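Participant: Structure in structure tokens, see below.
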Amino acid sequence: MKRQAHFYVVEQQLNLVGLDLIDQFNFWSVPMNRLCNHVTSSTSAISTLKQAYPTVFSDVPGLCTKANVQLTLKEGAQPIFRPKRSVAYAMHMTVDEELDRLENAGIITPVKYSEWAAPIVVVKKASQAVRICGDYSTGLNDALQPHQYPLPLPQDIFAKLSNCKMFSQIDLSDAFLQVEVQEESRDMLTINTHRGLYRYNRLPPGVKTAPEAFQQLVDTMLAGLECKSGYLDDVLIGGMDEEPRLGR
């Protein structure tokens, strides 16, 4: 039997069901603890996991060694070089620090010449740090062949996590930047900054094919595991309890 009604989830340890649902299913004679389960969150295992896997939880971006990404140009596409854009003087130090971080991590490399170049967009995060993105809408995106791979729909994710009672979410930091781009594709990803040209060695945000290429990689890495679903840089994991199990 299916009915449409309201559930109420609150911070207090209470089980609340709307009167409309109780009436529709004739729950008045059924004990409440048979109808609802508490919705709770737990962070007790996080510190243990951080101690057990310090490399995974490091602030230094990781590197995927299992696969890389290739960019394919449309037939007849020509290189497009765009000039740099001005960066507010108040942001110069912050942008310089981010460029240094990316260069030290091997994510970008300074170059003296490139046929391709895109200006940068500086986005401030909630943490007050900045994200530097190439504005590839200025030329490269139109020249790229699309990457034909579907992103999962909500119903796909729900189906994979059905029958689970406990859930975890892994948010991959600088997710795209953990994936290398093939050498022959790197010149296309050159950015033009107030410090000159830099070439991306890894997959930067802003490239139109990046989401689909990254999703395919995530799905490939998670293949064969049960009760999991990846959606871009988020990996959702479900289980019946907190006990680790092989293949789950």
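Participant: For K66, give me every one of the lysines with a C-alpha distance below 26 angstrom, ignoring sequence neighbours fewer than eight places off in its own chain.
Facilitator: K50, K160, K208, K228
Participant: Under 16 Å Cα-Cα from K112, which lysines qualify once same-chain neighbours fewer than 8 residues away are excluded?
Facilitator: Qualifying lysines at Cα under 16 Å: K84.
Participant: Counting other Cβ atoms within 10 Å, keep those with at most 11, restrict to DSSP loop, and tell me which trypsin sites (Lys or Arg not before Pro) in segment 141-246 are left. Intermediate values should be presented prior to the final figure.
Facilitator: Numbers: sites: K160, K165, R186, R195, R199, R202, K208, K228, R245; in loops: K165, R195, K208, R245.
Passing sites in segment 141-246 are K165, R245.
Participant: Can you compute the modelled spin-label distance between A5 and F81, with each label point 7 Å from Cα toward Cβ, in nm?
Facilitator: In this crude spin-label approximation the distance works out to 6.9 nm.
Participant: Taking a virtual spin label 7 Å from the Cα of L153 along the C-beta vector, which residues in segment 218-233 bring their backbone nitrogen under 18 Å of it?
Facilitator: 229-232
Participant: Within segment 71-170, report the GluC sites (Glu not before Pro) that DSSP leaves as loop and that have at most 16 other Cβ atoms within 10 Å.
Facilitator: Numbers: sites: E75, E97, E98, E103, E115; in loops: E75, E115.
Hits after loop and neighbour filter: E75, E115.
Participant: Right, another one. Could you sort I191, I157 by accessible area so the largest value comes first, with the probe set to 1.4 Å?
Facilitator: Working: I191 0, I157 25 Å².
Heavy-atom accessible area, descending, gives I157, I191.
Participant: Determine the shape class of segment 47-108: with a ≥ b ≥ c the square roots of the Cα gyration tensor eigenvalues, call it rounded for a/c under 1.5, and otherwise prolate if a/b is greater than b/c, oblate otherwise.
Facilitator: Values: a/c = 4.10, a/b = 1.34, b/c = 3.07.
Because a/c hits 1.5 or more and a/b fails to exceed b/c, segment 47-108 counts as oblate.
Participant: Between segment 159-228 and segment 103-135, what is the separation of their alpha carbon centroids in Å?
Facilitator: Taking the Cα centre of segment 103-135 as reference, the centre of segment 159-228 is 16 Å away.
Participant: In addition: Toward the positive end of the charge dipole of segment 134-214, about the Cα centre and with charges on Cβ (Lys, Arg +1; Asp, Glu -1), which of C164, Q182, S137 goes farthest?
Facilitator: Value: C164.
Participant: Using DSSP to call loops (not H, G, I, E or B), can you name the chymotrypsin sites (Phe, Trp or Tyr not before Pro) in segment 104-205 whose Cβ has at most 15 other Cβ atoms within 10 angstrom?
Facilitator: Working: sites: Y113, W116, Y136, F158, F167, F176, Y198, Y200; in loops: Y113, W116.
Here the chymotrypsin sites (Phe, Trp or Tyr not before Pro) that fit, given the DSSP loop and packing criteria, are Y113.
Participant: With every protein chain kept in the model, how would you rank D234, D100 by accessible area, 1.4 Å probe, largest at the top?
Facilitator: Working: D234 40, D100 65 Å².
Most to least solvent-accessible, the answer reads D100, D234.
Participant: May I ask which residue of F214, Y198, Y231 lies farthest towards the positive end of the charge dipole of segment 162-233, with charges of +1 (Lys, Arg) and -1 (Asp, Glu) on Cβ and the Cα centre as origin?
Facilitator: Towards the positive end, the residue furthest out is Y198.
The values are calculated or read from the model by the stated rules, or taken from the named source; none is laboratory data. Nothing here was measured: the structure is a model prediction, and the numbers come from that model. Here Cβ is always computed from backbone atoms with ideal geometry, including for glycine, and neighbour counts include all displayed protein chains. Ligands, DNA and RNA are stripped out before the accessible areas are found, and what is left, the full protein with its side chains, is counted by its heavy atoms. Shrake-Rupley method; radii C 1.70, N 1.55, O 1.52, S 1.80 Å.
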